[in-house]
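So the structure is just underneath, and the comments pick up after that.
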Amino acid sequence: MTETNTRKGDHIRICLEEDVQASTVETGLQDVHFIHRALPETAVDNVNLVIEMFGRRLSAPIIIEAMTGGVDSATEINATLAEAAEALDLAMGVGSQRAAIEDPRLAHTFKIVRKKAPHSFLIANIGAPQIKEYSLNEITSTIDMIEADALAVHFNPLQEAIQPEGSPQYDGLLDKLEEIASSLSIPIIAKETGSGIAMEEAQLLEGVGVKGIDVAGAGGTSWAAVEACRARARGNHPLASLGETFRDWGLPTAISVVEVSQSVDLKVIASGGLRSGVDAAKAIAIGADAAGYAFHLLKPAVEGRVKEVLEGLLQELKTSMFLVGAKSIEELKTTPVIIVGKTAQWLEARGFHPENFARRGKI
């Protein structure tokens with residue numbers, strides 16, 4: 001068993017058994033409020049959730065986020081998630097495929113996804129520090145492994161800094177990312193892992209050819225907390241303490257969605273602490289194109305009830321749209337919202353004023 005293989009098993013166990021959610025930071029979506037329409041002038045059955053993403057039609061703007069792979073216990077989880085994606089015509093990402101590059105015998109934990117979801121939009125996954133280490137052929141192998149429609153390059157500097165065997169080496173990444181983006185025939189999605197992406201990084205990423213950004217903001221699972229648990233189990237108390245100190249580090253999800261969507265012309269995926277279809281509706285109304293769920297689906301995946309949970313999310317999203325009179329996702333994107341509290345204060349401090357949103361058609 002490789003070091004990476006062991007780590008992936010730890011991650012699944014800790015996320016299921018330990019409290020590794022953000023403790024003091026929230027997603028910011030609690031500060032986003034819709035204006036209820038007592039006369040919505042439509043019917044629930046008339047609400048259409050269909051979207052287009054990277055040239056593909058999808059039944060709804062809900063994405064099953066990258067969770068796992070690279071360890072035998074992940075095979076069944078990925079199979080269950082993929083079956084739900086196929087049944088509901090939703091996009092799905094897989095966890096980091098580094099383990100399968102290091103040990104090809106683990107590729108089956110990822111390949112099962114395409115087998116169970118032959119028609120779904122699938123997103124391959126590799127870590128940003130690894131793109132400097134791997135050849136283009138190795139990176140392409142992650143795409144071929146699941147016949148992917150897009151490649152997510154995940155950025156996790158905080159997690160790497162806390163991880164006992166981490167690689168917090170983020171120098172020279174933009175040049176490598178530009179090289180890969182120009183060489184691939186599928187779009188690259190830059191994805192954070194729980195600390196969000198600010199407008200400055202979004203602009204840099206757009207400049208090197210990235211086609212989408214998955215903000216993965218703060219307010220949900222804290223990977224600093226996850227790695228603190230692992231460090232503690234190994235007796236590495238300095239790293240465990242460091243992880244707890246940075247448990248709530250990052251840009252809340254709602255803030256990151258606004259910063260990214262208002263500063264670049266890319267597809268934006270809102271993820272990080274989303275727990276309902278109402279959260280998805282709010283995220284789309286403030287600038288996202290789709291909403292992603294990971295932790296919210298992990299336990300249901302283990303219990304075999306992912307499809308049921310996703311159907312609930314879709315109904316919550318549809319009901320939210322009905323109650324604001326939005327018959328399509330495009331109409332939801334122009335639905336007025338009120339942003340209050342810390343989220344409003346942050347956005348004002350960063351120069352994102354409500355009147356500017358209105359001019360750009362987001363709020």
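Sorting Met199, Met92 from the fewest to the most surrounding beta carbons within 10 angstrom yields Met199, Met92. When only Cα pairs below 8 angstrom with a gap of at least 6 residues are kept, the chain shows a relative contact order of 22 percent. With R₀ set to 22 Å, the beta-carbon distance separating Ser328 from Asp265 gives a calculated FRET efficiency near 0.60. Under the simplified labelling scheme, the Ile35-Phe54 pair shows an inter-label distance of 3.6 nm, with each label point 7 Å from Cα along Cα→Cβ. Under a straight-distance cross-link criterion of Cα-Cα below 13 Å, which aspartates and glutamates are reachable from Lys307, leaving out those fewer than 8 residues away in the same chain? Straight-distance partners of Lys307: Glu83, Glu86, Asp89. Close amide H contacts of Ala152 (hydrogens built in the peptide plane, cut-off under 5 Å, sequence separation of 5 or more or a different chain): Ala124, Asn125, Ile126, Ile189. Between amide H atoms placed 1.01 Å from N, distances below 5 Å from Ser328 occur with Asn48, all of them 5 or more places distant or on a separate chain.
Here segment 124-235 is treated as an ellipsoid with the same Cα gyration tensor; its semi-axes, largest first and in whole Å, are 25, 16, 13.
Taking R0 as 25 Å, what FRET efficiency do you get between Glu179 and Asp144 from their Cβ-Cβ distance, rounded to the nearest 0.05? Working shown, then result.
Numbers: r = 19 Å, r/R0 = 0.75.
Efficiency, rounded to the nearest 0.05: 0.85.
Going by how many other Cβ atoms sit within 10 Å of their own, how do Ser141, Ser59, Ser261 line up, fewest first?
On the way: Ser141 18, Ser59 14, Ser261 27.
The order, fewest Cβ neighbours first, is Ser59, Ser141, Ser261.
A Förster radius of 35 Å, combined with the Cβ-Cβ distance separating Glu311 from Leu242, puts the computed FRET efficiency at roughly 0.30. Ranking Val309, Thr6, Phe352 by Cα position along the charge dipole of segment 3-359, where only Lys, Arg, Asp and Glu carry charges on their C-beta atoms, puts Val309 farthest toward the positive end. Charge dipole (Cα centre; +1 on Lys/Arg Cβ, -1 on Asp/Glu Cβ; no other charges) of the chain amounts to roughly 460 debye.
Compactness of the chain, taken as the C-alpha radius of gyration over 2.2 N^0.38 Å, stands at 0.94. Debye sum, Cα scatterers, segment 227-363, no solvent: what log₁₀ I/I(0) at q = 0.09, 0.19, 0.21 1/Å? Taking Cα atoms of segment 227-363 as identical point scatterers yields -0.36, -1.09, -1.21.
Using only alpha-carbon positions in segment 231-303, the gyration tensor eigenvalues give semi-axes of 30, 18, 9 Å once each is multiplied by 5 and square-rooted (largest first). Using the alpha-carbon atoms, what tilt in degrees (0 to 90, nearest 10) does helix 72-88 show relative to the longest principal axis of the chain? It is inclined by approximately 30 degrees. Per-residue 3J(HN,Hα) values for segment 252-265, derived from phi via the Karplus relation 6.51 cos²θ - 1.76 cosθ + 1.60 with θ = phi - 60°, read x, 3, 4, 5, 5, 4, 5, 4, 6, 5, 8, 10, 9, 10 Hz in sequence order (x marks Gly and Pro). Our Cα-only numbers for segment 1-139 put the radius of gyration and Dmax at 18.7, 60 Å. Between helix 136-146 and the chain, what is the angle of the helix's C-alpha long axis to the longest principal axis, kept within 0 to 90° and rounded to the nearest 10? Around 70 degrees separate the two axes.
Applying 0.36 nm per residue to the separation of Tyr170 and Ala43 and subtracting their alpha-carbon distance, the gain on full extension is 40.7 nm.
Assuming 0.36 nm per residue, please report the length gained on full extension of the stretch Val302 to Glu348 beyond their Cα-Cα distance.
On the way: separation 46, 0.36 × 46 = 16.56 nm, distance 4.18 nm.
Full-extension gain reported as 12.4 nm.
Pull out the extension gain between Leu136 and Glu102, defined as 0.36 nm times the separation in residues minus the alpha carbon to alpha carbon distance; nm, one decimal.
Details: separation 34, 0.36 × 34 = 12.24 nm, distance 1.49 nm.
Computed gain between Leu136 and Glu102 is 10.8 nm.
Since every read-out is calculated from the coordinates, none of them should be taken as a lab result. The structure displayed is predicted, hence computed values, not measured ones. Note that we place each Cβ from the backbone using ideal geometry, even for glycine, and neighbour counts take in every protein chain shown.
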